[in-house]
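Below you'll find the structure, written out as structure tokens, and then a few comments.
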Amino acid sequence: MAANLDDEGEQIVSIDEYLESIEEEELEADLVLGGDEGDECTYSEGYMKRQAIFSCLTCTPEGNAGICTACCLSCHDGHEVLELWTKRNFRCDCGNSKFREFSCKLSPNKDGENTENSYNHNFKGLYCTCNRPYPDPDLQEQVEMIQCCMCEDWFHEEHISLSSPNEIPRDEEGEPQYEDFICKACSVVCSFLTLYPKTIWAAGNKNKSVVEDIPSKDEAVKLGNDLCSDVVQKDHLVADTNGEAASDVKSIVGEGSESNAGSSLSGSIASSHATCVLVVDWMVASLDSESRPFFLSKNWRDALCKCDNCLDMYKQKHISYLLDKEDSIAEYEKNAKQKRDEKLQQREGAALDFFNNLGHIEKMEILNGIADFKDEFRSFLVSVDPSKAITAADVKQIFENLKNKRRRV
């Protein structure tokens, strides 16, 4: 839709559109920050399951450190800072040995390094298999990128090994119909997903290895005991045959990402069960499949098997975080929205309390001020040419008239 322009070619925005855009920007920021007000460094919270992380290239041009929201605002104001969205199992690095003489203003007493943190080329401002920055200075129009829920790197749609971007599950309006995306490299680690029923795959995701029907319970009992040991054995075979790709996946997933996830899953994972739900010969199925990107449907993690053998397999693969509901971006944003709603309610309550605690004269002053503004704005709308846009000078004149009126009173 073409933008409305005034006589000088500047875009015209209605008041409703302006207020709506401000609200959308605030909501987007709250979703990224997870409701974090940025008042305190998160270092004392340890390795958080998920939080907004930034990289300061002024202090660490090597791209080997990450900082929390509070440190970004308080310690690195005016620096060249990259917004990395969120990272899992991460602890704030601000002021540790990687920052040399620089000290954190909010939490100066930190260990020299956070050994369980994982870093990738995102911390240098580079993304995707093409290793390009975002925004890309060589492109006039920036293209959409998709984040892998495992390595947490971002990929251009044309670089995710699909024959066409049209294969990405979307609705008629172009909105994503998947909850999580797993890149081609990471799909090697979790190729066992191809044995699950088609309900875990997003609509439109054509994965030929997906099992169409869930086998009977008797078959599950028969094959369940041996399946997961086959998974681990076969995973080693895949790693050998895929060479460099498997090696890259290991470094991307990260050894350290498991220790904190494993210790904090007790409250998030349903109790394990003896019968394995994966009842297809994993060895044969994997030999017939090749690594490809995965698009998963809503709540797909709930379908993951939690038998003892599978739990052990996830641990060996360092992907137990997939079982943790709080690890998912969907859950992170859900909690952020809840915190935002609570914050807005608190603001409204605080404003009402403030007004109720005022004396009669102060209350009348505020109410009269609101009434004066409404009258002045209404008079302005009556006198203004509806075919012309409201300018900054017009708004300034409204407040100047109000000021003169108050002086006369």
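The values are calculated or read from the model by the stated rules, or taken from the named source; none is laboratory data. In this text, all values refer to a predicted model and were calculated from it rather than measured experimentally. Heads up, the Cβs are rebuilt from the backbone with ideal geometry, glycines too, and the neighbour counts pull from every protein chain shown. SASA here: full protein model, heavy atoms, side chains in, ligands and nucleic acids out. Shrake-Rupley method; radii C 1.70, N 1.55, O 1.52, S 1.80 Å.
Of all residues in segment 318-354, those that are over 22 Å from Asp302 (Cα atoms) and either in contact with a strand residue (DSSP E or B) (Cβ under 8 Å, 6 or more places away or on another chain) or of a type in the set (Phe, Trp, Tyr) (or both) total 1.
Within segment 196-214, the set of residues being modelled with pLDDT of 50 or more and in a loop (DSSP other than H, G, I, E, B) comprises Tyr196, Ala202, Ala203, Gly204. Any residue at all in segment 53-65 that's more than 20 Å from the chain's Cα centre (by Cα), surrounded by fewer than 19 Cβ atoms within 10 Å (Cβ to Cβ) and of a type in the set (D, E, K, R)? Yes, segment 53-65 contains at least one residue that is more than 20 Å from the chain's Cα centre (by Cα), surrounded by fewer than 19 Cβ atoms within 10 Å (Cβ to Cβ) and of a type in the set (D, E, K, R). Within segment 173-195, which residues are open to solvent by 50 Å² or more (accessible area, probe 1.4 Å) and part of a strand (DSSP E or B)? Selection gives Pro176 alone. Does segment 147-161 contain any residue that is modelled with pLDDT under 95, surrounded by fewer than 21 Cβ atoms within 10 Å (Cβ to Cβ) and in a loop (DSSP other than H, G, I, E, B)? Yes: segment 147-161 contains one or more residues that are modelled with pLDDT under 95, surrounded by fewer than 21 Cβ atoms within 10 Å (Cβ to Cβ) and in a loop (DSSP other than H, G, I, E, B).
Do we find a residue being open to solvent by less than 90 Å² (accessible area, probe 1.4 Å), within 17 Å of Tyr18 (Cβ to Cβ) and at pLDDT 80 or above anywhere in segment 396-404? Steps first, answer last, please.
First, the residues of segment 396-404 that are open to solvent by less than 90 Å² (accessible area, probe 1.4 Å): 398, 400-402, 404.
Cutting the leftovers down to within 17 Å of Tyr18 (Cβ to Cβ) gives us 398.
When the remaining residues are screened for being at pLDDT 80 or above, the result is 398.
Looking for residues that are open to solvent by less than 90 Å² (accessible area, probe 1.4 Å), within 17 Å of Tyr18 (Cβ to Cβ) and at pLDDT 80 or above, one finds at least one in segment 396-404, hence yes.
Pairs linking a residue in segment 175-189 that is among the acidic types (Asp, Glu) to a residue that is surrounded by 20 or more Cβ atoms within 10 Å (Cβ to Cβ) and part of a loop (DSSP other than H, G, I, E, B), with Cβ atoms under 6 Å and 6 or more positions apart or on different chains, are Asp180/Cys149.
In segment 357-370, is there at least one residue being polar (S, T, N, Q), farther than 30 Å from Phe399 by Cβ and open to solvent by 60 Å² or more (accessible area, probe 1.4 Å)? Break it down into steps so the answer makes sense when it comes.
Going through segment 357-370, the residues polar (S, T, N, Q) turn out to be 357, 368.
Narrowing further to those that are farther than 30 Å from Phe399 by Cβ: none.
No, every residue in segment 357-370 fails to be polar (S, T, N, Q), farther than 30 Å from Phe399 by Cβ and open to solvent by 60 Å² or more (accessible area, probe 1.4 Å).
Listed by first and then second residue, the pairs with beta-carbon distance under 7 Å, at least 6 apart or on different chains, first residue in segment 53-73 and touching a residue at least 60 places away in the same chain (Cβ under 8 Å), second among the polar types (S, T, N, Q) and open to solvent by less than 20 Å² (accessible area, probe 1.4 Å), are Gly63/Ser55.
Only residues that are free of Cβ contacts under 8 Å to residues at least 12 places away in the same chain and crowded, with 19+ Cβ neighbours inside 10 Å were counted in segment 313-346, giving 1. Restricting attention to segment 3-22, the residues that are at pLDDT 75 or above and open to solvent by 50 Å² or more (accessible area, probe 1.4 Å) total 3.
Being open to solvent by less than 50 Å² (accessible area, probe 1.4 Å), aromatic (Phe, Trp, Tyr) and in contact (Cβ under 8 Å) with a residue 12 or more places away in the chain is a condition met by at least one residue of segment 371-391. Look at (1) within 19 Å of Trp300 (Cβ to Cβ); (2) open to solvent by 10 Å² or more (accessible area, probe 1.4 Å); (3) out of contact with any helix residue (DSSP H, G or I) (no Cβ under 6 Å at 6 or more places or on another chain) and you find that Pro133 fails only one, number (1).
The residue of segment 102-130 that is surrounded by the fewest Cβ atoms within 10 Å (Cβ to Cβ), among those that are among the hydroxyl-bearing types (Ser, Thr, Tyr) and touching a residue at least 12 places away in the same chain (Cβ under 8 Å), is Thr115. Mind checking which residues of segment 318-342 are more than 23 Å from Pro176 (Cα to Cα) and of a type in the set (A, V, I, L, M, F, W, C)? Result: Ile319, single match. Within segment 350-395, restricting attention to residues that are part of a loop (DSSP other than H, G, I, E, B) and not polar (S, T, N, Q), which residue is farthest from Asp16 (Cα to Cα)? The selected residue is Gly359. The condition (being more than 20 Å from His121 (Cα to Cα), in contact (Cβ under 8 Å) with a residue 12 or more places away in the chain and either of a type in the set (Ser, Thr, Tyr) or surrounded by fewer than 22 Cβ atoms within 10 Å (Cβ to Cβ) (or both)) is satisfied by just one residue among Asp77, Asp36: Asp36.
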